[in-house]
Amino acid sequence: MQTIPINAELFLKRVELSDAKTIFETINNQRTYLRKWLPFVDYTREIEDSIRFIKALYRDEENVYVLNYQNNFAGLIGFRGTDNFNKKAEIGYWLSEPFQKKGIVTNAVKTLVKYAFTELDINRIEINCAEKNEASKRIPQKLGFLLEGIEREGELLSDGLFANLERYSLLKSDRVNWL
C-alpha cells in the first residue's frame, strides 16, 4: 500500500526517492537532537546518503513510510527485518523534534500493527528501544506490548557507547483494547 490514512492530520506515505532531500535536510538540521539515539545520523552526510538509504529499502523490499503530519514531513516509520517464513517483523521509527508529544508515532504504530496483522499475515511485531530512551519506550508500553528482555549492549550509539536495548513484542493473539 502506498498511502495509509490514520486521521485527519496524519497519514503514512511509502517513502520515495523524491523524499530524499526532505529526509536529509531534516537530519542535517537536527543532528544534535537526532544523533543521541540514532547512530545513522553521523553517516548521513549528504543527500546521496539518503538516496542510497531509500534505494536499499526498495532493494530489500522493506516497507518504510513517511510520517506526514498536517502536510509536513515529521519522520519515518516502517518494518525492518521482516521474516515472512516466521511471520514476524520489527517496527522502527524516528520523529523530528518539532513533532514530539503529539501522538504521531503511537497512532502510526497502531495503524502499522493492524495492517501487519490483517494484510501482511504477520503474527509477531517487535519494537526495540534503547533502555534509556524513555520517549521511544513509552510507545510499546502504552500499546500493550510485552517487555521480553534486554539485549545487552545491542546498539552502538554515536557517542561511541553501547546501549542496552529493550525488546517488546505484540502477537496477533494478544488481547489489547485498541486492536
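Here, each number is a calculation from the coordinates, and none is a lab measurement. Only a predicted model underlies this, so the values are computations on that prediction, with no experimental measurement involved. All Cβ positions, glycine included, derive from the backbone under ideal geometry; neighbour counts span all protein chains shown.
Taken over the chain, the convex hull of the Cα atoms encloses 117 Å³ per residue. Residue by residue, segment 169-174 carries 3J(HN,Hα) couplings of 9, 9, 9, 4, 7, 5 Hz when phi is fed to the Karplus relation 6.51 cos²θ - 1.76 cosθ + 1.60 (θ = phi - 60°); x denotes Gly or Pro.
Hey, could you get me the Stokes-Einstein D for segment 68-127, Kirkwood radius over alpha-carbon pairs, 4 °C and 1.567 mPa s, rounded to whole µm² s⁻¹? Taking Rh from Cα pairs, D becomes 106 µm²/s. For the chain, the 222 nm mean residue ellipticity estimated from helices alone, with every DSSP H stretch of n ≥ 4 adding -39500 (n - 2.57) and the total spread over all residues, rounds to -8500 deg cm²/dmol. Note: relative contact order over the chain, using C-alpha pairs below 8 Å and six or more positions apart, is 18 percent.
Please list, by residue number, everything in segment 1-37 whose backbone N is under 16 Å from a paramagnetic label point 7 Å out along Cα→Cβ of Arg80. Counting backbone N atoms under 16 Å from the label point, the list is 34-37. Scalar couplings 3J(HN,Hα) for segment 48-64, obtained by applying the Karplus form with A = 6.51, B = -1.76, C = 1.60 to θ = phi - 60°, are 4, 5, 5, 5, 4, 4, 5, 4, 5, 4, 5, 4, 8, 6, 8, 8, 10 Hz; x denotes Gly and Pro. First check a/c for segment 96-151, with a ≥ b ≥ c the square roots of the eigenvalues of its C-alpha gyration tensor; if it is under 1.5, answer rounded, and if not, answer prolate when a/b is larger than b/c or oblate otherwise. Since a/c reaches 1.5 but b/c is at least a/b, the shape of segment 96-151 is classed as oblate. Amide H contacts for Thr82 (H built 1.01 Å from N in the peptide plane; partners 5 or more residues away or on another chain; cut-off under 5 Å): Glu90. Which residues does the label zone of Lys142 cover in segment 37-69, counting backbone N under 17 Å from a point 7 Å along Cα→Cβ? Label zone hits: 67-69. When the chain is described by a simple charge dipole with +1 on each Lys and Arg Cβ and -1 on each Asp and Glu Cβ, the residue from Leu179, Leu17, Tyr93 located farthest towards its positive end is Leu179.
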